[in-house]
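Before any comments, here is the structure.
All of the numbers you see were taken from the coordinates with simple rules; none came from a lab. As the structure is a prediction and not an experimental result, all values here were calculated from the model. Positions of Cβ are generated from backbone atoms using ideal geometry, with glycine treated the same way; all protein chains shown enter the neighbour counts.
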Amino acid sequence: MKLEPRAVPLQDAPPKRKVKTTQVVNGIETEVEIEVEDVPAGQWPPRASLRVLNHDIPRVDGPVKVSGAARYTHDVRVPGMVWARLLLSPLPRARVAALDLEAARAVPGVVHVLVVEREETGWLGQPVAVVAAETLEAAGDGLRALAARFEPLPWVVDHAAAVREGAPAVGRGANVGRPETDGDEARARAALSASATRVRATYTVPVQHHASLETHGVVVDYRGGEDAVVYCSTQYAQGFAAEAAKELGLKAGNVRGVVEHMGGGFGSKFGLDAQGLYACRIAKELKRPVHLMLDRRAEFLMSGNRSGTSMTIEAGCDAQGSLTGLVAEAWKHGGLGRGSLSGLPYCYKAGAHFRDVRSVRMHLDASRAMRAPGHPQASFGMESILDELAYAAGLDLVEIRRRNAAHPAWVRQLDRVAREIGWDQHPHRTQPGKPDREECIGIGFGISNWGSGGSSDCEAEVRIEKDGSVVVACAAQDLGTGTRMYMAAIAAEEFGLPVAAVTARLGDSRLPTGVASGGSVTTPSVAPAVKDACTRARGAFAAHLAQVLGRSAEGFRFGPDGVRHDGMTERLAWSKACGTLPAEGLSARGKWQESLQTRGVRCTQAAQVAVDPGTGRVRVLHMVCLQEVGLALNRLAVKSQIQGGMIQALGYALGEGRQLDSALGLQLNASFEEYKIPHALEIPRMTTLIDDDDTRNGVAGVGEPPAIPGASAIANAVHNACGARVRELPITPDKVLLALGKVV
Amino acid sequence: MADGTARTDGAAEPVDLSRRVFLRGAGGAAAGGVLAPALLGAAAGGCAAGATAGAGAATSAALAAPPGADPAGRELVGEVEIELAINGTRQKLVVEPRTTLLDALRTRLEPPLTGTKSVCERGNCGACTVLVDGEPRYACLQLACDLRGRAITTVEGLGSPEKLSVLQQEFVAQDGSMCGFCTPGFVVAITACLQRDPRASEQEIRRACAGNLCRCGTHPQVFAAALAAGRRLAEGQR
Ligand code: FES
Ligand code: FES
């Protein structure tokens with residue numbers, strides 16, 4: 001008997017089923033049995049009936065990660081593989097004056113030297129040559145043997161130099177991009193003039209690096225012939241496989257892209273990238289596999305970043321604190337790229353607003369998407385000016401936010417977050433504190449949002465084998481957010497199995513169409529597709545059992561106690577039921593469904609800091625976050641991801657930022673020694689709350705919003721603590737002392 | 001590559017202060033010592049050039065000559081076979097005198113041990129942390145040939161996916177790993193801390209892994225996992 005997967009017929013009145021759940025009655029947890037609809041398709045079961053999802057689920061790939069067994073692109077070893085390393089332009093713009101190819105080729109072990117730029121480089125860190133060798137060490141010797149010489153050409157790597165009359169041009173076109181404007185300038189300015197209180201200030205944020213621990217790179221396993229496997233540390237398995245096929249001159253279907261695990265991306269890893277193309281070229285030439293991973297310096301210089309911004313904002317409010325007008329002028333610093341900046345007034349509404357945003361180009365690596373592109377920058381400007389306005393008008397910092405927030409969800413979130421951080425007992429609610437003690441305590445707030453919807457192309461497949469095992473598959477990748485785990489968890493929920501009984505396969509271009517993991521789209525894309533596949537598989541399984549057992553297909557239920565039928569008293573164990581399947585088992589394909597996801601996620605954060613006005617040192621004591629997440633597939637992983645975002649924001653606030661020497665054309669902190677991301681001793685107490693007042697029963701992406709408002713909240717808290725308004729991130733001790741007038 | 005035959009490296013003179021040039025002048029252990037005194041193993045051991053060289057122990061300032069090199073031992077080039085005790089097993093491998101323990105584990109062992117991660121290669125991140133005679137060390141700052149006769153434990157030696165250590169179990173339970181790239185380093189560093197004192201306080205645990213970077217921001221879960229594991233270990237649970 002051949003089993004054809006088919007859709008479940010929709011029924012008018014969904015059948016009911018009984019489920020056990022815990023309810024808190026008078027503060028005591030009790031197990032109760034409730035009746036819920038057995039929803040056939042297109043909807044998640046009611047939250048109260050969920051047995052696996054919306055609980056804390058340990059990751060299915062946890063054991064391989066904690067034991068070092070997880071294989072990342074860096075770890076891929078294939079027979080005959082050569083190791084490749086890059087030579088980068090040490091200057092923002094230079095003539096390539098000398099490259100001793102013969103010397104490099106003569107180095108024992110060196111098997112190939114590829115020159116990718118012979119004439120002139122146009123940005124700091126631009127790849128110039130690639131050396132491939134039998135060992136990593138020999139590849140390094142080859143690079144040194146090139147004895148590259150560069151003659152400097154005029155460059156611009158800072159805003160002032162780039163906009164100066166007669167500045168060296170960055171590529172074609174003007175260095176300053178065309179203005180992107182929004183709003184009515186005349187109305188906004190009139191509103192400002194009429195406002196009871198108005199303030200104006202300039203805020204600057206630096207370029208932030210993604211700083212993923214696994215650098216960008218690939219292993220191209222091509223040994224001649226018609227096929228290849230490409231391993232790439234990427235956020236889009238299917239995307240890079242197609243690119244690699246083109247570069248290798250192979251049929252698209254003959255190149256398999258694999259990313260089993262990846263060590264962070266945060267928006268910087270999508271395509272094959274330059275180094276991937278070079279690796280393909282060398283592999284094609286040598287007919288040997290090539291391992292090419294960036295080293296840390298290259299990762300800083302050439303793998304993208306979050307664009308910097310300088311913005312001048314003028315804002316006004318009426319006597320009650322309602323924003324009447326806002327005018328913003330901003331410049332984005334995205335190197336060769338255009339950079340990104342979310343629209344001001346960001347998550348707030350103003351009576352009238354006008355903004356004029358331009359990008360300023362420089363001889364530097366192009367910016368890329370980074371966790372909520374454009375949002376943290378806009379948030380810093382907006383939350384800062386709001387505090388300055390509140391102080392000028394003598395208003396409560398929470399009240400001014402409640403009044404102007406563009407969505408009611410933020411109002412309830414602000415109330416809760418204010419409670420958690422102890423706002424009511426805080427002495428400086430309408431005026432900042434003074435630098436009159438060794439440890440000044442301050443509190444700051446920030447709010448954020450993100451679209452968070454899924455991609456309609458996403459598909460998934462579920463296979464139920466005769467031996468009872470279940471496999472869920474989708475080509476999407478797991479960036480560390482727990483994709484693998486919730487794929488398995490959804491199937492476990494649907495079939496009434498333990499999570500461990502399900503195998504999730506992903507990160508392979510040959511699997512059903514996945515999605516590029518950027519902008520928090522993975523979960524709202526993949527989860528609906530997996531859910532749909534499971535629903536269809538259940539329908540097909542029920543139809544099969546109906547034939548085998550001579551019962552109606554509609555009556556079958558899959559639960560932790562096995563397979564039941566409404567008209568039968570006895571149960572069929574899952575393994576027994578699966579035993580009746582034909583040898584090839586059963587499979588079903590699912591597609592993304594709008595109704596299974598939700599869009600628009602709001603988040604509110606508060607930070608409490610201690611500032612030492614003698615040294616300018618800032619310590620974050622406590623961070624609170626309350627975030628909407630729609631239906632949380634795994635509360636444990638959602639909380640981890642929210643906390644991770646907050647910690648990145650802490651880095652953005654206090655330590656991170658690219659440092660350049662304009663005259664020498666160098667990045668001064670292209671290593672983890674000088675580029676400072678948060679470490680264990682800086683992690684504050686963290687209160688991470690899922691906003692369960694958000695009852696939308698759809699899945700949303702949760703990764704971006706928590707990375708946005710934390711830096712703004714910390715900056716505001718520093719000001720609130722002691723009156724030091726630092727308008728440029730990161731807030732290093734020297735800037736605090738400068739703001740306090742202690743150094744000039 | 002690692003075919004076991006030694007050869008003389010005929011490369012042109014490097015043009016900058018490469019690790020190799022530095023080593024010629026300073027001696028391997030001293031080189032590491034300059035970079036990170038706190039995490040460097042005992043510097044006195046030095047490198048004996050292994051079985052094929054047949055040389056005895058030498059001081060780190062004048063490493064024994066590998067076959068094919070200058071017999072006076074000034075020219076530290078070529079490949080030598082050494083034996084290292086890794087995760088309780090003696091393993092032969094061919095390295096260059098300048099090969100770090102990190103690269104030796106990841107690229108010279110057969111099969112390679114890739115659980116130890118390479119992230120910065122200069123002692124800034126802790127992702128390469130291993131135990132040398134029970135003490136946490138950055139593998140990127142150790143020369144493989146200096147570690148002859150020392151007991152090296154990598155994350156793979158602490159537990160396997162099927163049989164996780166108590167700490168590894170708690171990392172899973174508390175969600176102490178997201179992308180997971182930093183995780184082996186944290187696991188090894190905290191293992192050493194708990195071996196010293198399973199009752200270590202959160203502050204001590206934080207200090208034990210302050211040299212480990214995590215970009216995903218798993219720190220709070222890592223601390224929770226370490227404390228939970230410490231409690232279990234103190235009670236004698238496995
Ligand atoms: S790789 Fe050794 S400390 Fe970073
Ligand atoms: S889990 Fe990704 S770097 Fe730590």
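Here are a few things to note about the model shown:
- Where only DSSP H runs of four or more residues are counted, the protein assembly as shown gives -8000 deg cm²/dmol as its mean residue ellipticity at 222 nm, each run worth -39500 (n - 2.57).
- Cysteines having no other Cys beta carbon under 4.7 Å from their own, within chain A: A:232, A:280, A:317, A:347, A:458, A:474, A:534, A:578, A:603, A:625
- The phi-based Karplus calculation (6.51 cos²θ - 1.76 cosθ + 1.60; θ = phi - 60°) puts the 3J(HN,Hα) values of the stretch A:641-646 at 5, 5, 4, x, x, 5 Hz, whole numbers, x for Gly and Pro.
- For the protein assembly as shown: rounded, prolate or oblate by the Cα gyration tensor [a/c cutoff 1.5]: oblate
- Residue-count net charge about residue B:196 - beta-carbon cut-off 11 Å; Lys, Arg +1, Asp, Glu -1: -2
- Using the Cβ of residue A:663 as centre and a radius below 14 Å, the other residues enclosed give a net charge of -1, where K and R count +1 and D and E count -1.
- Residues residue A:147 and residue A:318, FRET efficiency given R0 of 56 Å [Cβ-Cβ distance, rounded to 0.05]: 0.25
- For residue A:407 and residue A:744, the difference between the fully extended length at 0.36 nm per residue and the C-alpha to C-alpha distance is 117.1 nm.
- Amide H contacts under 5 Å for residue A:197: A:317, restricted to partners 5 or more places along the chain or on a different chain, H placed in the peptide plane at 1.01 Å from N.
- Cβ-Cβ distance of residue A:673 and residue B:231, R₀ of 45 Å, FRET efficiency by 1/(1 + (r/R0)^6): the value works out to about 0.80.
- Neighbour-limited loop hits for trypsin sites (Lys or Arg not before Pro), the stretch A:490-553 (at most 12 other Cβ within 10 Å; DSSP other than H, G, I, E, B): none
- Legend: mean number of C-beta atoms from other chains within 10 angstrom of residue C-beta atoms, peptide A:261-270, equals 3.
- Entry note: the stretch A:199-334 has Rg to Rh equal to 1.25, where both radii use alpha-carbon atoms and Rh is the Kirkwood radius.
- Annotation: the residues A:189, B:150, sorted from fewest to most other C-beta atoms within 10 Å of their own C-beta, follow the order A:189, B:150.
- Inter-label distance, nm, simple model (7 Å from Cα along the C-beta direction), residue B:163/residue A:692: 4.1
- Taking amide H positions as modeled 1.01 Å from N, with prolines and chain starts lacking one, the residues under 5 Å from residue B:143 and 5 or more places away or on another chain are B:101.
- Net length gained if the chain between residue A:591 and residue A:664 were fully extended (0.36 nm per residue, minus Cα distance): 20.9 nm
- In this label model, residue A:106 and residue A:251 are separated by 4.6 nm, measuring between points 7 Å along each Cα→Cβ vector.
- Summing Lys and Arg as +1 and Asp and Glu as -1 over all other residues whose Cβ lies under 15 Å from the Cβ of residue A:169 gives a net charge of +2.
- Amide H contacts under 5 Å for residue B:160: B:165, restricted to partners 5 or more places along the chain or on a different chain, H placed in the peptide plane at 1.01 Å from N.
- For peptides A:493-504, A:175-186, sequence by mean Cβ density within 10 Å, most packed first: A:493-504, A:175-186
- Residue-wise HN-Hα couplings along the stretch A:456-466, as the Karplus relation 6.51 cos²θ - 1.76 cosθ + 1.60 with θ = phi - 60° gives them from phi, are 6, 7, 5, 10, 8, 10, 10, 10, 10, 8, 4 Hz; Gly and Pro carry x.
- For the stretch A:432-466, the list of GluC sites (Glu not before Pro) that fall in a loop by DSSP and count at most 11 other C-beta atoms within 10 angstrom reads A:438.
- Within the stretch B:184-238, GluC sites (Glu not before Pro) in DSSP loop having at most 12 other beta-carbon neighbours inside 10 Å: B:235
- Per-residue extension of 0.36 nm, minus the Cα-Cα distance of residue A:226 and residue A:118, leaves a gain of 35.8 nm for this segment.
- Working note: Karplus 6.51/-1.76/1.60 with θ = phi - 60° gives the stretch A:617-622 the couplings 6, 10, 10, 7, 8, 8 Hz, where Gly and Pro are set to x.
- With the simple model of a label 7 Å out from the Cα in the direction of the Cβ, residue B:202 to residue A:416 spans 2.2 nm.
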